[in-house]
Amino acid sequence: MRRREPSTIGTLVFVMWGLIVWGLQFTAIYLGHTWFCALGAAPGATTALAAILTAAATVAMLPVAWAPSRPAALVGLDGPDDDPRHLLLIARVVALLSIVAALWTGATAIAVGACELAR
């Protein structure tokens, strides 16, 4: 039985998973802030949005940061001829740094009101 080759796109998504999730979280938080401000929503709504999105982004990045060999197997980086240690290390570091960035983004979005002047 022939094993399938690792997917190039899948490998890139695996390595950049943390950046992708953080980028989506960052965009959603600040678009949400703008949208809630335009609607005149209560400040608590933006705080809740930032907290929920930050928690969801952190949870989504944890598998790559904690045990990257399992997500790597999903893209085919687990064959006997593969030596994905460098990809696992890069993906883990990117995910850990992205978790820090997501927590920073969430904390600043929670600390600063959605409709503050000079924002």
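The values are calculated or read from the model by the stated rules, or taken from the named source; none is laboratory data. These numbers come from a predicted model, not from an experiment. In this analysis, Cβ positions are derived from the backbone assuming ideal geometry, glycine residues included, and neighbour counts consider all displayed protein chains.
I29 fails exactly one of the following numbered conditions: (1) buried (at least 21 other Cβ atoms within 10 Å of the Cβ); (2) at pLDDT 90 or above; (3) closer than 30 Å to E5 by Cα. What is the number of that condition?
Result: I29 passes all but (3).
From the list A60, A91, A38, pick out the single residue that is among the small types (G, A, S), in contact with a helix residue (DSSP H, G or I) (Cβ under 8 Å, 6 or more places away or on another chain), over 24 Å from E5 (Cα atoms) and assigned to a helix (DSSP H, G or I).
Every option except A60 fails the conditions.
Tally time: how many residues in segment 63-75 are assigned to a helix (DSSP H, G or I), loosely packed, with under 14 Cβ neighbours inside 10 Å and modelled with pLDDT of 80 or more?
Adding up the residues that qualify gives 1.
Within segment 98-119, does at least one residue satisfy the condition of being modelled with pLDDT of 85 or more, buried (at least 16 other Cβ atoms within 10 Å of the Cβ) and touching a Pro at 6+ places or on another chain (Cβ under 9 Å)?
For segment 98-119, residues modelled with pLDDT of 85 or more, buried (at least 16 other Cβ atoms within 10 Å of the Cβ) and touching a Pro at 6+ places or on another chain (Cβ under 9 Å): absent.
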